[in-house]
Structures are given as structure tokens and as C-alpha cells.
Amino acid sequence: MILNIKKYPDTILRRPAREVKKIDSEIIDLFDNMVVTMRNANGIGIAGPQIGVDLQIIVVDTDKGVRKLMNPKLVKKSKWTSIFEEGCLSLPNIHVKIKRPKEITVSALNIDGNIEMIEADGLLAHILQHEIDHLKGRLIIDYLPFFKRLFMKRWQKLAVK
Ligand code: ZN
């Protein structure tokens, strides 16, 4: 089922998401719907708040396949950074060049109920950090320089009118 993607400035995008305490059929269905929704929108990652669910759940899609993760945490990051131009399904038509640690380790609960350690670099590292940001209420526009952010706020006001 294709779900409705919440768009900025929907307030759920700014709220920290709650930890998943138990894996039930509801969460498993939700993950399946997130995958379908993400693919339908040509995305490579999606987080709970983006479909209106304030749970720490994310889906990331890379050449290594789709991963469905819960309660992901950044446990290690390199000093080396890389820059990618990131987009977001909740902020259509906005792209922001973001510098992030190039190599990271993320611990997360997988759908089988096991804690997984995921070592990632490059694009996958960016996607994971982007989705973890969503669980904290952080968006790509928060990485814009102050002046551009101010412009975004004006733009938002105009868009609301
Ligand atoms: Zn996003």
C-alpha cells in the first residue's frame, strides 16, 4: 500500500521519534508499506515520521538491497568526510550539499529481532545518517548556511499564504 508522504512543514517531521519496543505484525506491515511508498516516489531511504509514524524505523535502499531497521544509532564515525547532494521525499525540489562522516558504524535492530552492526561508507553512510536525522526531527535544510535558511523561512511563509 502506498502511504501518504508527509511534507515540510508538517510538524511530525520535527518531533523526535519513539524507540520501538516490540516487533509485531503491525510494524512488519508498516515496513512493507514503507518500501512500496519509497520505491513509488523513487526514493532511496525513508523514515517513520515521513509517513506520519513517530517510531524509530527506517528503510534504506542501496545496491546491496533493502534494509529495514529499528532504533538505529550511530556508534562510530570517521574523521574523514564526504559530500553528497541530498534530496528528501518530504522536501521536494530541494537539494542540499551535505558534508558528513565518510565511514560510519550503525547499530540497529533488524526485523528478525537481532542487533546488527552495519559498517557503511560513501552513499550508504549518507543515507543512514540522513534517515537517523529524521528520527531526531532534523532535516536537510538545517544544514544550509544561515543566510539560505532565512531565505527558506521566507519561502515557506510565502508558500503558506
Ligand atoms: Zn529525508
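A few points about this structure:
- Among the residues of segment 36-50, those that are β-branched (Val, Ile, Thr) and open to solvent by 20 Å² or more (accessible area, probe 1.4 Å) comprise Val36, Ile44.
- When Arg67 is tested against (1) open to solvent by less than 60 Å² (accessible area, probe 1.4 Å); (2) under 14 Å from the mean Cα position of the chain (by Cα), just one condition goes unmet, and that condition is (1).
- Residue within segment 90-99 that is out of contact with any Leu (no Cβ under 9 Å at 6 or more places or on another chain), open to solvent by 20 Å² or more (accessible area, probe 1.4 Å), in a loop (DSSP other than H, G, I, E, B) and at pLDDT 95 or above present: no
- Condition check for Lys148: of a type in the set (D, E, K, R), away from the ligand (no atom under 16 Å from the Cβ) and under 26 Å from Lys22 (Cα atoms): no
- Some residue of segment 15-23 being free of Cβ contacts under 8 Å to residues at least 12 places away in the same chain, of a type outside the set (S, T, N, Q) and either more than 14 Å from the ligand (Cβ to nearest atom) or open to solvent by 10 Å² or more (accessible area, probe 1.4 Å) (or both): yes
- Index of the failed condition, Asp121 passing every other in (1) under 23 Å from Asn33 (Cα atoms); (2) of a type in the set (Asp, Glu); (3) more than 13 Å from the ligand (Cβ to nearest atom); (4) in contact (Cβ under 8 Å) with a residue 12 or more places away in the chain: (1)
- One residue alone among Asn4, Asn33 is open to solvent by 60 Å² or more (accessible area, probe 1.4 Å) and modelled with pLDDT of 95 or more, and that residue is Asn4.
- Residue check, Val60 touching a residue at least 24 places away in the same chain (Cβ under 8 Å) and either polar (S, T, N, Q) or more than 18 Å from Ala17 (Cβ to Cβ) (or both): no
- Number of residues in segment 130-143 that are closer than 17 Å to Asp54 by Cα and within 10 Å of the ligand (Cβ to nearest atom): the value is 6.
- Residue list for segment 70-85, restricted to those being within 15 Å of the ligand (Cβ to nearest atom) and within 26 Å of Met1 (Cα to Cα): Pro72
- Condition broken by Ile127, with the remaining ones in (1) part of a loop (DSSP other than H, G, I, E, B); (2) within 16 Å of the ligand (Cβ to nearest atom) satisfied: (1)
The values are calculated or read from the model by the stated rules, or taken from the named source; none is laboratory data. Worth saying up front: this structure is predicted, and the values here are computed from it rather than measured. Cβ coordinates were reconstructed from backbone atoms using ideal geometry, including for glycine residues, and neighbour counts include every protein chain displayed. The accessibility values were calculated without ligands, DNA or RNA, using every heavy atom of the protein model including side chains. Shrake-Rupley method; radii C 1.70, N 1.55, O 1.52, S 1.80 Å.
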